[in-house]
1. Solvent-accessible area per residue for the chain at a 1.4 Å probe radius, Å²?
2. Only sites in a loop by DSSP and with at most 11 other Cβ atoms within 10 Å count here; which GluC sites (Glu not before Pro) in region 38-102 make the cut?
3. Please compute P(r) over all alpha-carbon pairs of region 66-124, binned at 5 Å starting from zero, and give each bin as a whole-number percent.
4. Would you work out what percent of the accessible area of region 49-124, with all protein chains in place, is carbon or sulfur (probe 1.4 Å)?
5. With a point put 7 Å past each Cα toward its Cβ, work out how far Gln82 is from Ser54 in nm, to one decimal.
6. Working out 0.36 nm times the residue gap between Ser17 and Glu89, then minus their Cα-Cα distance, what length gain in nm do you get to one decimal?
7. With the Cα gyration tensor of the chain in hand, give its eigenvalues times 5 under a square root as the equivalent ellipsoid semi-axes, listed largest first in whole angstrom.
8. Below 8 Å between Cα atoms, with a sequence gap of 6+, how large is the relative contact order for the chain in percent?
Amino acid sequence: QVQLVESGGGLVQAGGSLRLSCAASRRTLSIYAIGWFRQAPGKEREFVGAMRWSGGRTYYADSVKGRVTISRDNAKNTVYLQMNSLKPEDTAVYYCAAGLIRSDYGSLREYDYWGQGTQVTVSS
């Protein structure tokens, strides 16, 4: 069982930055990947990026590549999503998730545990 808690969301102007945090309860995360997803009102939840805990390899959606960076703090069991050059279309609830990825880091079905989400609002 893995419990995830996101934080760091808020209101920011276009062009600004935010860093979201995802704190995981489980000590041993080496077998998991941590993914970030977002869901805007009236839209499906979409993949933002992911990190394989063991080795730290990262994967990003094309829509955010170059503007976001995923990192982790092993001592804190926390994964971060640094978002820069934010746009109004980045407005969404952002979720982190943990899963034993079999083939597709961008697929919701690969993730078994989800956080409650944190709201990010980007004003124009």
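The values are calculated or read from the model by the stated rules, or taken from the named source; none is laboratory data. These numbers come from a predicted model, not from an experiment. Cβ coordinates were reconstructed from backbone atoms using ideal geometry, including for glycine residues, and neighbour counts include every protein chain displayed. The area values use the complete protein model at the heavy-atom level, side chains included, leaving out ligands, DNA and RNA. Shrake-Rupley method; radii C 1.70, N 1.55, O 1.52, S 1.80 Å.
1. Normalised by residue count, the accessible surface of the chain is 52 Å².
2. Details: sites: Glu44, Glu46, Glu89; in loops: Glu44.
Counting only loop positions with at most 11 other Cβ atoms within 10 Å, the GluC sites (Glu not before Pro) in region 38-102 are Glu44.
3. 4, 14, 19, 25, 22, 11, 3, 1
4. 44
5. Placing both labels 7 Å along Cα→Cβ, they lie 2.7 nm apart.
6. 24.5 nm
7. Over the Cα atoms of the chain, the ellipsoid semi-axes are 23, 14, 13 Å.
8. Relative contact order for the chain comes out at 36 percent.
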